[in-house]
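The structure appears below as structure tokens.
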Amino acid sequence: MSITLTKAPFRADHVGSLLRPERLHIARKDFKEGTISAERLREIETEEIKRIVDKQIEVGLEAVTDGEFRRTWWHFDFLEHLNGIEGYVTEKGLTFDGVETERYNVRNTGKVSFNPEHPFIRDFIELNKIVNGRAVAKQTIPSPNQLFAAGIHNEDVYPDIEDYANDIIKAYQHALKAFYEAGVRYLQLDDVYIARLSAPDFQFKDGKYTREQLIDLALRVINGALEGKPDDLIVTTHLCRGNYQSTWAFEGSYARIAPTLLAKEKVDGFFLEYDDQRSGDFKPLEYIPNGGARVVLGVVTSKNGEIEDKEAVKARIKEASQFVPLEQLCLSPQCGFASTHHGNKLTEAQQWEKLKFVVNAAKEVWE
């Protein structure tokens, strides 16, 4: 069995975000204070993206990202540039384990549609030029289902949630077409909302819907967004339980969503978080169709710099292969290293060692 796969997701892969270097933190601060221009900030971002693209290739990754270096948040930066969605400073942050996040969110202010001038299109074109065929350039964006997270949907604009869902589906269909035309062939949809549907303490929308109704809606939205996508556009879903400065937002296995979402989502792969006990066991993987989506096992944590025991990681992959054939499995960290600009609590050197570890472990399992 070969380490090399002809298409994504790869045996050794990663979620996408990387720790922002101090130079970038300083540049952003200087820009906010008005001491450097937007053009100068972008130049610094580009220089740092070139550096980390080279580094990803150096450690052996076949898929590389821009580290999300032009973003502040993994999701808000994309969503607030859709028509009908705006970003705003909230009265309080979101609640994570022992931490309140920086105060920011998005809200629905009008009819939702894709903005053809969305800045992420230009960002990818520039990334693809930097990669220059040396690896596969991966684009990450939040899933359409993130727009169903608490507090975003405006019932004055959309009294019927189905109308809201239909416009989101159309917006994402147009987004996928725009990214494809820009050269994207590997797209990852990051989704905390769907994972949360499996959490024991999930709060249903004002008691109007059951968990099962919302799971069904989520499946229709994701599959609707993918309808008509080109065959050579690989799309994966990353299901996450929150990642903010090495903390988490909720817990619970994938069991409640597996029979519907893991079984029927029309994606090419699932990046699944399995780095600690909060994620539950591998049994929900039995719903993944044999020969269907690849499962990228996030059994390596991005939340600290300690390198896992390689034999323990290999044993976990073997355990997962009881439910999904080994040839359908891949390996990655469970999440990005910096889902927000703050970053997780480890060093850049530790980050690169983690990614190198993933590459080396994958070689030992699949070569």
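Remarks
- Lone unmet requirement of (1) at pLDDT 90 or above; (2) assigned to a loop (DSSP other than H, G, I, E, B); (3) within 22 Å of L272 (Cβ to Cβ); (4) open to solvent by less than 30 Å² (accessible area, probe 1.4 Å) for D190: (2)
- When the residues of the stretch 41-50 are filtered to those that are more than 23 Å from V184 (Cβ to Cβ) and either in contact with a helix residue (DSSP H, G or I) (Cβ under 7 Å, 6 or more places away or on another chain) or of a type in the set (S, T, Y) (or both), the one that is surrounded by the fewest Cβ atoms within 10 Å (Cβ to Cβ) is L41.
- Any hit, the stretch 273-283, residues being at pLDDT below 95 and either among the aliphatic types (A, V, I, L, M) or in a strand (DSSP E or B) (or both): yes
- Selected residue (only one of K170, K177 is open to solvent by 40 Å² or more (accessible area, probe 1.4 Å), assigned to a helix (DSSP H, G or I) and over 18 Å from D123 (Cα atoms)): K170
- Taken over the stretch 1-37, residues that are at pLDDT 95 or above and small (G, A, S) amount to 4.
- Cβ separations smaller than 7 Å between residues 6+ apart or across chains give the following pairs from the stretch 65-89 residues that are closer than 20 Å to I125 by Cα to residues that are in a loop (DSSP other than H, G, I, E, B) and of a type in the set (D, E, K, R): T65/K138; F69/R20; W74/E68; D77/R71.
- Members of the stretch 57-70 that are under 15 Å from R20 (Cα atoms) and buried (at least 22 other Cβ atoms within 10 Å of the Cβ): T65, D66, G67, E68, F69
- Cβ pairs under 6 Å, 6+ apart, first in the stretch 108-134 and within 27 Å of E62 (Cβ to Cβ), second hydrophobic (A, V, I, L, M, F, W, C) and open to solvent by 30 Å² or more (accessible area, probe 1.4 Å): R134/I57
- Which numbered condition F337 fails, given (1) farther than 18 Å from K55 by Cα; (2) part of a loop (DSSP other than H, G, I, E, B); (3) open to solvent by less than 10 Å² (accessible area, probe 1.4 Å): (1)
- The requirement of being out of contact with any strand residue (DSSP E or B) (no Cβ under 8 Å at 6 or more places or on another chain), of a type in the set (S, T, N, Q) and free of Cβ contacts under 8 Å to residues at least 24 places away in the same chain is fulfilled nowhere in the stretch 190-206; no residue meets it.
- Members of the stretch 67-120 found to be out of contact with any strand residue (DSSP E or B) (no Cβ under 7 Å at 6 or more places or on another chain), modelled with pLDDT under 95 and outside any loop (DSSP other than H, G, I, E, B), listed by number: D77, T95, E100
- Residues in the stretch 262-313 that are open to solvent by 60 Å² or more (accessible area, probe 1.4 Å) and of a type in the set (D, E): D281, E286, E306, D309, E311.
- Any pair with Cβ under 8 angstrom, 6 or more apart, that starts in the stretch 218-229 at a residue that is open to solvent by 10 Å² or more (accessible area, probe 1.4 Å) and ends at one that is among the acidic types (D, E): L219/E265; N223/E265
- Selection count, the stretch 298-323, where residues are within 17 Å of H238 (Cβ to Cβ) and in a loop (DSSP other than H, G, I, E, B): 3
- Of the residues making up the stretch 325-357, those that are in contact with a Pro (Cβ under 8 Å, 6 or more places away or on another chain) and over 21 Å from A195 (Cβ atoms) are E348, K354, L355.
- Selected residue (only one of V53, V89, V15 is open to solvent by less than 50 Å² (accessible area, probe 1.4 Å) and out of contact with any Gly (no Cβ under 7 Å at 6 or more places or on another chain)): V53
- Residue within the stretch 31-40 that is touching a residue at least 24 places away in the same chain (Cβ under 8 Å) and open to solvent by less than 70 Å² (accessible area, probe 1.4 Å) present: no
- Pair list, Cβ < 9 Å and 6+ apart or interchain, from the stretch 292-303 residues that are of a type in the set (D, E, K, R) to residues that are part of a strand (DSSP E or B) and surrounded by fewer than 21 Cβ atoms within 10 Å (Cβ to Cβ): K303/T247
The values are calculated or read from the model by the stated rules, or taken from the named source; none is laboratory data. Just so it is clear, the structure is predicted and the values come from calculations on it, not from any experiment. In this analysis, Cβ positions are derived from the backbone assuming ideal geometry, glycine residues included, and neighbour counts consider all displayed protein chains. Areas reflect the complete protein model, heavy atoms only, side chains present, ligands, DNA and RNA absent. Shrake-Rupley method; radii C 1.70, N 1.55, O 1.52, S 1.80 Å.
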